[in-house]
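Just below is one structure, and these are the notes that go with it.
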Amino acid sequence: MNKEIEKEFLEKAEIFKALSHPTRLFIIHAVKDESMSVKELTELVGVDISTMSKHLDILKRNRIIEGQKVKNFIYYKLAIPCVLEFMNCAVKIINKR
């Protein structure tokens, strides 16, 4: 495989890695319709703030979510709504098993 093709598929693999954790999938679902703060997400998921921050960082680095600072809080929202289509596709695959 040449380097250009490898780079293209490596970038895609990074997106799949970002989506490969149940907590991150939950975050995507939680912020699809409304922006939420780290504190709100932490309470929903039941993890500590540092763990939530790590999950959010992975999603941000892959440009799946984005944050907006309001006073002392950052509110996160879904940046790429088409990721929900992928989640719907995953449900179809699960249902075919």
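What to note about this one:
- Residue count for the stretch 58-83, restricted to those that are more than 10 Å from the chain's Cα centre (by Cα) and either under 16 Å from Phe26 (Cβ atoms) or of a type outside the set (Ser, Thr, Tyr) (or both): 11
- Restricting attention to the stretch 33-57 and to residues that are in a loop (DSSP other than H, G, I, E, B) and surrounded by 14 or more Cβ atoms within 10 Å (Cβ to Cβ), the residue that is nearest to the chain's Cα centre (by Cα) turns out to be Ser35.
- Output for the stretch 40-52, where each listed residue is under 19 Å from Leu78 (Cα atoms) and either modelled with pLDDT under 95 or of a type in the set (A, V, I, L, M, F, W, C) (or both): Leu41, Leu44, Val45, Met52
- Count of residues meeting criterion [hydrophobic (A, V, I, L, M, F, W, C) and in contact with an Asp or Glu (Cβ under 7 Å, 6 or more places away or on another chain)] in the stretch 64-97: 1
The values are calculated or read from the model by the stated rules, or taken from the named source; none is laboratory data. Fair warning: this is a prediction, and the values are worked out from it, not measured in the lab. Glycine also receives a Cβ, built like all others from the backbone with ideal geometry; neighbour counts cover every protein chain displayed.
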